[in-house]
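So the structure is just underneath, and the comments pick up after that.
The values are calculated or read from the model by the stated rules, or taken from the named source; none is laboratory data. Not measured: the values here are computed from a predicted model. Backbone-built Cβ (ideal geometry, glycine too); neighbour counts: all protein chains shown. With ligands, DNA and RNA removed, areas are computed over all heavy atoms of the protein, side chains included. Shrake-Rupley method; radii C 1.70, N 1.55, O 1.52, S 1.80 Å.
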Amino acid sequence: MRFRRGELQIINRLDAEQFDRLQRENSAVTRNAGTGLDGEELWFNQSPAAPLPEYKKAWFRTTEFRKAISAAINRADLCRIVYAGFAKPAYGPVSPSNHFWFNTTLPDPKYDSQSALRLLVKADFALKATC
């Protein structure tokens, strides 16, 4: 989405590569206004009518499984590598840039692969050897 006001053009959605290209082409007028209000989420379909095997729906209903997946996601690396530093780590459906709705009192989940493994073991998951 683009907005125009006089000679100013604001581009609402732009990936990191596009921004870098624009900045190289015309750095005098290219400005980064910060992270947007958009978010990226991972959802687990817990609906009884979901077209999934029952054992998978049971996983999704397990708090330990959901917390393990959250602990296994390295949000800082995603922001640094995938978004070239143009993103902020988030941990819910509301962007940290949305100061009205974002809950700053919630603890920021940290990447912890060992904690993720412990939570999965607690939820009766087991590691399988692969060839």
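Inter-label distance, Asn98 to Tyr55: 3.7 nm, where each label sits 7 Å from its Cα along the C-beta direction. The Cα center of the stretch 109-128 and the Cα center of the stretch 36-53 differ in position by 21 Å.
Considering only the other residues whose Cβ falls under 11 Å of the Cβ of Trp59, what net charge follows from Lys and Arg at +1 and Asp and Glu at -1?
On the way: positive: Lys56, Lys57, Arg61, Arg66; negative: Glu54, Glu64, Asp124.
The answer is +1.
For the chain, the number of Lys pairs separated by eight or more positions or lying on different chains, with C-alpha atoms closer than 23 Å, is 12.
Highest GNM mean-square fluctuation among Thr35, Thr63, Thr104, for the chain modelled with Cα contacts below 10 Å: Thr104. Counting only protein heavy atoms and a 1.4 Å probe, the chain has 82 square angstrom of accessible area per residue.
Using DSSP to call loops (not H, G, I, E or B), can you name the GluC sites (Glu not before Pro) in the stretch 13-92 whose Cβ has at most 15 other Cβ atoms within 10 angstrom?
Numbers: sites: Glu17, Glu25, Glu40, Glu41, Glu54, Glu64; in loops: Glu40, Glu41.
Loop-located and lightly packed - Glu40, Glu41.
Here the stretch 42-131 was treated as a single set of alpha-carbon atoms; its pair distances binned every 5 Å from 0 give 3, 12, 16, 19, 19, 15, 11, 4, 1, 0 percent. Answer with one residue from Asn32, Leu22, Trp43: the one whose Cα lies farthest towards the positive end of the charge dipole of the chain, charges on Cβ with Lys, Arg +1 and Asp, Glu -1. Among Asn32, Leu22, Trp43, the one farthest towards the positive end of the dipole of the chain is Trp43.
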